[in-house]
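Q: Take this structure, written in structure tokens, and hold onto it; I'll ask about it next.
The values are calculated or read from the model by the stated rules, or taken from the named source; none is laboratory data. Bear in mind the structure is a predicted one, so any value in this text is a computation, not a measurement. Note: ideal-geometry Cβ built from the backbone for every residue, glycine included; neighbour counts use all protein chains shown. Protein only, heavy atoms only, side chains kept; ligands, DNA and RNA dropped before computing areas. Shrake-Rupley method; radii C 1.70, N 1.55, O 1.52, S 1.80 Å.
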Amino acid sequence: MSALIVKACGPATSIQDRGRFGYQRFGVSPAGAMDRFHLAAANLLVAAEAGAAALELGPGGVRLTAEGDITIALAGPACTLEVDGRQVAPFTAVRVGDGGTVVARPAPGAAYAYLGVEGGIATAPDMGSHSMHRRSGIGGEPLTVGARIPATPCGRDAALLCLHERPEGEAGPIRILPGPQDDHFSDEALAILSGGGYRLSGQADRMGVRLDGPTLPHRGGYNIVSDGIVDGSIQVPGDGRPIVLLRDRQTTGGYPKIATIISADIGRFAQIPPGEPVRFEIVTFERAIEAARRLQAMIEGLASTLVPLAAPLTSERLLALNLIGGVTSATEAIGL
Amino acid sequence: MTIETLPYPRLLRCGDAAISVEFGDAIDPAVNARVLALDAALAAEPPPGLLETVPTYRSLLVHLDPLRTDFRALAERILALAEKPVATGGQVRRWRVPVVYGGDFGMDLDDLAARHGISAEALVARHAAATYVVAMIGFMPGFAYLSGLDPLLATPRRLEPRMKTPAQSVSIGGAQGAISTVEGPSGWHMIGRTPARGFMPGRDPVFTYAPGDEIRFERLAPDEWAGLDALAASGAPVARCEAP
């Protein structure tokens, strides 16, 4: 069975699929890809299900070698991929020969990229999912040099595909719904949160992100009897500085949550790199549902924009696809 | 300071993919019983769009697929179920959990007893006499929060949390009891340790206790630890479950 072998990887590299569900009542985080849209794009290009397991790459990226011939594809809002030292466009499947070298990482402007592996990564699922949850060790220990990432054989030569246009995601502010504990904050707190002036701090990982910016005044105490937490919960501890909780979050917590990022915007929020500004916009519940529907349609629509790569990969053809924008050398970036 | 609240139960939006059903704002076994009753009722007949539920001391978090949920119908259904009286004496799993108290197994036992002005022996007797309910599981995989602690044993958490406490510790924090599953930080008072694994990846079932289960502790002599611990490590059940 073909596989990729890890030669170097940043600490934020992990295997993620859609997530691990059904165990939150036992204290198990769902984990799963930070950005499900780009996970789906990477998977579709390598003949895998939209929610299958792929490599999630954080800053630092990854260097791999192929064991056997293997088809891969990289997807992300900004990312770079090199195969055997040649740049390959994102959103394009590429066949790597036995012993070939792959270097991939997110590019400036994005926090995560997804490396789809032929047929989906075939590690053994743990409690129904391949997603690695670092804090509990569920889903396997963090990837280190020498780790083997097996492909799922497709039973045929996977057709080499690309997306005929780079997918355009939503733009604009990150949309939020007030609550569940907005009544634990002073009257002006929600206006402060949506008023701007926030940036992602350097304290950012798969569990959550602390925001720099105006503090949010509580009304009364800042401890509550623990209740449930969701992806996108914006909790505010005693210092008034909001923390956005993401896929590796705990299942319950004891700080009031002023607002929640809508489900459709969690991937977009997760892609904002540390230090960058973020704006929040309060929307109605109806608009949140509409956005969820649009994201779902975009994921389902990806398949219809797949086209076969007619000609072998050449740099001329890749440039003609106009998919590479602002790339830098991936090799240089991880200091290999 | 009091915060203006609506009457309970109340439904709180947690974004577009979850609803929190809140029955109170304090740790109260009667509130928790209502949470667990609603959890069981929804599990018996899951409404369309329901993904999973997370019971806590005072609320039930209902995770939903926003594209498959009729939010209005769900809210009506939840409120109707929440108003029903809580049935008692139903189908509850009852666990007998062996514990070695004190010494290296419960490093805070002597201090805690001194703090309450009783002997370590008396503290253990009180702790082992109570019937507990798994009020919720959270913080770490399988970490069971227990209600039913003898109020005389309630103790504020340590000012300085420990960075590392052993797996399977039996502890007291405020008015709550707990059984931990993995090594981790804790500001709670460690009074004993059970060889029974509440969480064991690869075993079926992975988790031993579920919210709503009843727990009673049985004293285990220190020299019985090694044998039972080896048995538990092999995946054998060490906590005894009584019907159903």
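Q: Which one of the conditions (1) among the small types (Gly, Ala, Ser); (2) over 19 Å from residue B:172 (Cα atoms); (3) within 14 Å of another protein chain (Cβ to nearest Cβ) does residue B:80 fail to meet, given that it meets all the rest?
A: Result: residue B:80 passes all but (3).
Q: State which residue is farthest from the other protein chains (Cβ to nearest Cβ) when the search covers only region A:218-238 and only residues that are assigned to a loop (DSSP other than H, G, I, E, B) and either surrounded by 22 or more Cβ atoms within 10 Å (Cβ to Cβ) or among the hydroxyl-bearing types (Ser, Thr, Tyr) (or both).
A: A:236
Q: From the list A:272, A:289, A:266, A:282, which one is within 17 Å of residue A:208 (Cα to Cα) and in contact with a helix residue (DSSP H, G or I) (Cβ under 9 Å, 6 or more places away or on another chain)?
A: Of A:272, A:289, A:266, A:282, the one residue that is within 17 Å of residue A:208 (Cα to Cα) and in contact with a helix residue (DSSP H, G or I) (Cβ under 9 Å, 6 or more places away or on another chain) is A:266.
Q: Sort out which residues of region A:187-199 are closer than 20 Å to residue A:256 by Cα and either in contact with a strand residue (DSSP E or B) (Cβ under 7 Å, 6 or more places away or on another chain) or among the basic types (Lys, Arg) (or both), and write them in order of number.
A: A:189, A:190, A:193, A:194, A:198 - these are the residues of region A:187-199 that are closer than 20 Å to residue A:256 by Cα and either in contact with a strand residue (DSSP E or B) (Cβ under 7 Å, 6 or more places away or on another chain) or among the basic types (Lys, Arg) (or both).
Q: Something else: Could you tell me whether residue A:244 is open to solvent by 10 Å² or more (accessible area, probe 1.4 Å), among the β-branched types (Val, Ile, Thr) and within 14 Å of another protein chain (Cβ to nearest Cβ)?
A: no
Q: OK, next. Return the pairs, sorted by first residue and then second, in which the second residue is at pLDDT below 95 and open to solvent by less than 50 Å² (accessible area, probe 1.4 Å), the first residue lies in region B:212-239 and is in a strand (DSSP E or B), the beta carbons are less than 6 Å apart, and the residues are 6+ apart or on different chains.
A: B:214/B:92
Q: To continue, here is another question. Name the residues in region A:105-144 that are touching a strand residue (DSSP E or B) at 6+ places or on another chain (Cβ under 6 Å), outside any strand (DSSP E or B) and either of a type in the set (A, V, I, L, M) or outside the structural domain of residue A:42 (by the TED database) (or both), would you?
A: Across region A:105-144, the qualifying residues are A:107, A:121, A:122, A:132, A:143.
Q: Which of the residues that make up region A:145-191 are in a loop (DSSP other than H, G, I, E, B), surrounded by fewer than 17 Cβ atoms within 10 Å (Cβ to Cβ) and not small (Gly, Ala, Ser)?
A: Once the filter is applied, which keeps residues that are in a loop (DSSP other than H, G, I, E, B), surrounded by fewer than 17 Cβ atoms within 10 Å (Cβ to Cβ) and not small (Gly, Ala, Ser), region A:145-191 yields A:145, A:153, A:154, A:156, A:157, A:164, A:165, A:168, A:170, A:173, A:187, A:188.
Q: A follow-up question, please. Evaluate region B:20-27: report whether one residue or more is open to solvent by 60 Å² or more (accessible area, probe 1.4 Å) and in contact with an Asp or Glu (Cβ under 9 Å, 6 or more places away or on another chain).
A: Scanning region B:20-27, I find no residue that is open to solvent by 60 Å² or more (accessible area, probe 1.4 Å) and in contact with an Asp or Glu (Cβ under 9 Å, 6 or more places away or on another chain), so the answer is no.
Q: Same structure again: For the condition touching a Phe, Trp or Tyr at 6+ places or on another chain (Cβ under 8 Å) and small (Gly, Ala, Ser), what is the one hit in A:254, A:301, A:267, A:275?
A: Among A:254, A:301, A:267, A:275, only A:267 is touching a Phe, Trp or Tyr at 6+ places or on another chain (Cβ under 8 Å) and small (Gly, Ala, Ser).
Q: Related question: I need the full set of residues from region A:249-272 which are assigned to a loop (DSSP other than H, G, I, E, B) and open to solvent by 10 Å² or more (accessible area, probe 1.4 Å), in order please.
A: A:250, A:254, A:255, A:271, A:272
Q: Only one of these is crowded, with 22+ Cβ neighbours inside 10 Å, aromatic (Phe, Trp, Tyr) and within 14 Å of another protein chain (Cβ to nearest Cβ): B:145, B:132. Name it.
A: Answer to the check: B:145.
Q: Kindly indicate whether residue B:196 is in the same structural domain as residue B:122 (by the TED database), within 19 Å of the chain's Cα centre (by Cα) and assigned to a loop (DSSP other than H, G, I, E, B).
A: So residue B:196 fits the description; yes.
Q: Now a separate question. Can you give me the number of residues within region A:200-217 that are open to solvent by less than 40 Å² (accessible area, probe 1.4 Å) and within 24 Å of residue B:13 (Cα to Cα)?
A: 5
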